[in-house]
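Peer 1: One structure coming up, written as structure tokens, with questions to follow.
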Amino acid sequence: MDTIKYKRLLLKLSGEALIGDGSYGISQEMVVYAAQEIKLAYETGAQLAVVIGGGNIFRGVEASVKGIDRATADYMGMLATVINALALQNSLEKTGIPTRVQSAIEMRELAEPYIRRKAMRHLEKNRVVIFAAGTGNPYFTTDTAAALRAMEIDADIIFKATKVDGVYTKDPVKNSDAEMIEKITHADVLKQGISVMDSTAITLCMDNNLPIIVFNMKNKGAIKRALLGEKVGSFVGG
Ligand code: UDP
């Protein structure tokens, strides 16, 4: 077992991380890749929880613009996260990692209901816990769910997997002059309107001194290396 910097980690995987080359849905290849990355991290001996998004299948805000009631659309979005959670669980278990899915919306046939103390127990027993259905409430995001669950399970840090290498001054996909920021405080993220997570999630992390590492999911072994204390991506915190 390696010497790890963070004992308990909450990994936020967006639905986008599962898309692959397409523009929509689940690429099995990407799910397997995510599972392998999690396995590498798991083998360090760290305790891992995952909050998975659903944007690859359904996004509440986008659907509400097209005429579905916002709350209904958001519940549909939360169901999308459950689909992703099951896909990830399947791949993780195929790599030999014990997992549990806990859903914020009860679906007993598929997943355990979210019970904080049970989640903690699973982590202590070295099971990877996948939190599905976000916070269980419309008008929130899975970033906020990640911040909330991280606090609840007393995680040391959130690792937010993205498509880019870290936090940038502007959207690096659209602006060639965007610069990567290696370290920034939560307060500056909010003040400068830098896109890391939505403001509810950042505020929650700031108020509870929870650091965030933002990194590129395509960077192989990044989760493991960051767990071991190597500098990976951008650090948000004091
Ligand atoms: N959602 C919600 N409440 C939550 C988490 C998610 O209503 O606590 C809905 C919301 O409609 C969102 C969708 O689920 O658009 C998918 O989640 P998100 O957009 O956060 O996924 P990601 O961008 O990480 O793929």
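Each reported figure results from applying straightforward, stated rules to the coordinates on display, with no laboratory input. Note that this is a predicted model, so its numbers are computed, not measured. For neighbour counting, all protein chains shown are included, and Cβ atoms are generated from backbone atoms with ideal geometry for every residue, glycine included.
Peer 1: Work out the FRET efficiency for Leu110 and Asp188 from their Cβ-Cβ distance, taking R0 = 45 Å, and round it to the nearest 0.05.
Peer 2: Working: r = 41 Å, r/R0 = 0.90.
So the FRET efficiency works out to roughly 0.65.
Peer 1: Taking 7 Å along the Cα-to-C-beta vector as the label spot, tell me the Ser199-Glu62 distance in nanometres, rounded to one decimal.
Peer 2: 2.4
Peer 1: As a footprinting exposure proxy, order Arg108, Arg8 by other Cβ within 10 Å, with the fewest listed first.
Peer 2: Details: Arg108 8, Arg8 18.
Taking fewest neighbouring Cβ atoms as first place, the list is Arg108, Arg8.
Peer 1: Are there any GluC sites (Glu not before Pro) in region 106-188 that are in a DSSP loop and have at most 14 other Cβ atoms within 10 Å? List them by number. Can you show the working numbers first?
Peer 2: Numbers: sites: Glu106, Glu109, Glu124, Glu152, Glu179, Glu182; in loops: Glu106, Glu109, Glu179, Glu182.
Taking region 106-188 and a limit of 14 other Cβ atoms within 10 Å, the loop GluC sites (Glu not before Pro) found are Glu106, Glu109, Glu179, Glu182.
Peer 1: Arranged by the count of other C-beta atoms within 10 angstrom, fewest first, what order do Tyr168, Tyr114 take?
Peer 2: On the way: Tyr168 19, Tyr114 22.
Ascending Cβ contact count within 10 Å gives the list Tyr168, Tyr114.
Peer 1: Within the set of other residues whose C-beta is less than 15 Å from the C-beta of Ile105, count the net charge using Lys and Arg as +1 and Asp and Glu as -1. Walk me through the numbers before you get to the answer.
Peer 2: Values: positive: Arg108, Arg149; negative: Asp74, Glu106, Glu109, Glu112.
Residues near Ile105 contribute -2 overall.
Peer 1: I need the peptides 131-139, 203-211 ranked by packing, meaning the mean over residues of other C-beta atoms within 10 angstrom, with the highest value on top. Spell out each step's value before the answer.
Peer 2: Values: 131-139: 22.7, 203-211: 17.4.
Averaged packing, sorted descending, gives the order 131-139, 203-211.
Peer 1: Over the Cα atoms of region 162-221, each weighted equally, I'd like the Debye log10 I(q)/I(0) at q = 0.17, 0.18 Å⁻¹, rounded to two decimals.
Peer 2: Cα-only, vacuum Debye calculation for region 162-221: -0.57, -0.64.
Peer 1: Quick one: of the DSSP bridges fully inside region 81-238, what percent are antiparallel, nearest 5? If you can, show how the numbers build up before the last one.
Peer 2: Details: 5 of 19 bridges.
Around 25 percent antiparallel, to the nearest 5.
Peer 1: Here's another thing I want to ask about it. In Å and from the alpha-carbon atoms only, list the Rg and Dmax of the chain.
Peer 2: Rg and Dmax of the chain, Cα atoms, are 16.6, 52 Å.
Peer 1: Tell me which aspartates and glutamates have Cα within less than 19 Å of Lys66's Cα, excluding those fewer than 8 residues away on the same chain?
Peer 2: In chain and number order, the partners are Asp74.
Peer 1: Let me check I have the definition right: for region 119-211, take the eigenvalues of the Cα gyration tensor, multiply each by 5, take square roots. What are those semi-axes in whole Å, largest first? Kindly include the intermediate steps, with their values, before the conclusion.
Peer 2: Working: eigenvalues 141, 40, 36 Å².
Values for region 119-211, descending: 27, 14, 13 Å.
Peer 1: Convex hull over the alpha-carbon atoms of region 87-163: what's its volume per residue in Å³?
Peer 2: Values: hull volume 8.6 nm³, N = 77.
So the per-residue hull volume is 112 Å³.
Peer 1: In whole Å, what is the distance between the alpha-carbon centres of region 63-105 and region 124-151?
Peer 2: When both Cα centres are located, 11 Å separates them.
Peer 1: Oh, and also: Using the Cβ atoms and a cut-off under 14 Å, what net charge is assigned to the surroundings of Ala145, where Lys and Arg are +1 and Asp and Glu are -1? Walk me through the intermediate numbers first.
Peer 2: Details: positive: Lys12, Arg116, Arg149, Lys160; negative: Asp74, Asp143, Glu152, Asp198.
Summing Lys/Arg as +1 and Asp/Glu as -1 gives 0.
Peer 1: Give me the number: length gained by fully extending Asp21 to Asn219, i.e. 0.36 nm times residue separation minus the C-alpha to C-alpha distance, one decimal in nm. Please list the in-between numbers first.
Peer 2: Working: separation 198, 0.36 × 198 = 71.28 nm, distance 1.62 nm.
So the extension gain works out to 69.7 nm.
Peer 1: Now, a different point. Only residues of region 13-42 count here: report those whose backbone N is under 20 Å from the spot 7 Å along Cα→Cβ of Glu93, or say none.
Peer 2: 26-40, 42
Peer 1: What value, in deg cm²/dmol to 500, does the helix sum -39500 (n - 2.57) over DSSP H runs of n ≥ 4 give at 222 nm once divided by the residues of the chain?
Peer 2: -11000 deg cm²/dmol
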